[in-house]
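See below for the structure under consideration.
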Amino acid sequence: MAGSREQFGSKLGFILAAAGSAVGIGNLVGFPVGAAKNGGGAFLIMYAIFVAFICLPVMIAEMTVGRASQKDPLGALTNLSGHNRGWRMAGWLSIITPFMIAVFYLVITVWIFGYLFESSIGNLDELAQPETFGNFITSSNLFIYMAGVVAIIYAILRGGVKEGIEKAAKILMPALFIMLIILVVFVLTRENAFAGVRYYLIPDISKIDAGVVNGALAQAFFSLSLGMGIMITYGSYIDTRANLPSSAKLVALTDTAVAFAAGLMILPAIFSFNPEVNPDELSESSISMIFSYLPQIFLELQNSIGYFGASAVASFFFLLVFFAAITSIVSIFEVPVAALMSEKGMERKKALLLCVSLLIVFSAFCALSFGFVEFFTNFVSYAGADRSFFDLVYDVFYDTILPLNGLLICLFVIYRWKKHNFNEELDRGAPEFKNSLFERYVNFSLGTFIPGILLLIFVNTVALKYFGVALIG
Ligand code: PHE
């Protein structure tokens, strides 16, 4: 099987695909607002440190495991552990997790697609009404948009690694960079924009507490697409000539640069288009920012560039977010597809059809969780509150299992697969990395404090989410 495995056509293709996975909704909206509200420049520095010293080693570990095994995460953990039962179970977890994250991420992508469509046909004024979002997510039109998004995902993944994922990344990512730069320049040249820049960048250490630190690390971890088996899967599509440490650095840098640039777009836009804004009232949730708040901000633009101009800017923004979301969801969805192909010997088309069918069913449950159907809306109850099906998937897989998967991969690489095997694979294609200070750092951190921190986050999340007990933050 390994001989016939599909491969990325070029190093650049691999980096763009991995960066496409990393750059997502979190970068464009969640990060800027989180940073601005939680200490500005102080948050940015902390985030950069987390990316460089905690997330980068984990990304390198995932890519290396993928390349060494030339397998999906389940196959990788099974083979490299010598068919150990426990590690095979961890492998299962890294197939189910991306699938379930894809389930809720699809719902958000569908909403974005709907907003893109509505704003481009001239309905921005309606999108800016406070009750619109609530109505939108309980309307049956949602399923039409869902069909559209699923068709796009299917079309990309049907093309396979080189003709599908890589080609899409090579078109969508440069387009995304250009659109982002255009929007940043447009926003920064508006009146009053610099109030937003100041709010974004001026450090305020007093806002940093344990909760903010925890949130920044979780954001960095999610943003780099770690713990989801994606970097293992993409790593399995490259050969030994690729330089893994430098590829991982580039991916991390691109992801962080996009997040930073997004801050130079979102915050100045808020301050410039709506000068009366009270920064403390900005919501930190990406969801309510994108769908309830930003359309109002875009509508304000009609005073200076007219309704048509405001709608064009809004559509351009939603297109940008949509591109970011599509490359992310494609990457996460490739994981279960790849697993079915190599573990069950299925053809790509068959594996894809099976996964897509399941995705539609589960995502429909999620989409129906917002008051549409009572059963899914009040699906379970824990820590003293009713939770919807969407909340459950989000809490369990995003908040809880992601750090656990990260923890497992660190332990796996250092203590099961063993350091010397890891380093040997890592040094292929990166001879200058051998015995370097950075390599020693990666080895040391993966075996000690990174799993320690991830364990702490995991325990804290379980205590808080399911038992209502706050240990930190
Ligand atoms: N990095 C993505 C983001 O910031 C996270 C993600 C990746 C989500 C892949 C889903 C799938 O939005």
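Quick rundown of the values:
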item: Principal axis box of segment 174-300, alpha-carbon based, largest edge first, Å; result: 55, 37, 26
item: Listed peptides 55-61, 108-114 by packing density, highest first (mean Cβ within 10 Å); result: 55-61, 108-114
item: For Arg387, residues with placed amide H under 5 Å, excluding near neighbours; result: Phe379, Val380, Ser381, Tyr382
item: Rg/Rg_ref, the chain, where Rg_ref = 2.2 N^0.38 Å and atoms are Cα; result: 0.94
item: Cβ crowding within 10 Å averaged over residues, with 263-269, 316-322, 133-139 ranked highest first; result: 263-269, 316-322, 133-139
item: Value of relative contact order over segment 210-324, rounded to a whole percent, pairs C-alpha under 8 Å and six or more apart; result: 14 percent
item: Ranked packing of 418-426, 393-401, 91-99, most packed first, by mean Cβ within 10 Å; result: 91-99, 393-401, 418-426
item: 19 Å Cα-Cα threshold exceeded, pairs from Lys11/Lys349; Lys167/Lys350; Lys11/Lys167; Lys11/Lys434; result: Lys11/Lys349; Lys167/Lys350; Lys11/Lys434
item: Whole-Hz couplings from phi, Karplus 6.51/-1.76/1.60, listed for segment 126-142; x for Gly and Pro; result: 6, 4, 7, 6, x, 8, 4, 4, x, 6, 4, 7, 10, 9, 6, 4, 3
item: Neighbour-count order for Asp255, Asp125, Asp386, fewest beta carbons within 10 angstrom listed first; result: Asp386, Asp125, Asp255
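Any read-out appearing in this document is the output of simple, stated calculations on the displayed coordinates, not a laboratory observation. Just so we're clear, the structure is a prediction, and the values are computed from it rather than from any experiment. Here the Cβ is made from the backbone with ideal geometry for all residues, glycine too, and neighbour counts use every protein chain on show.
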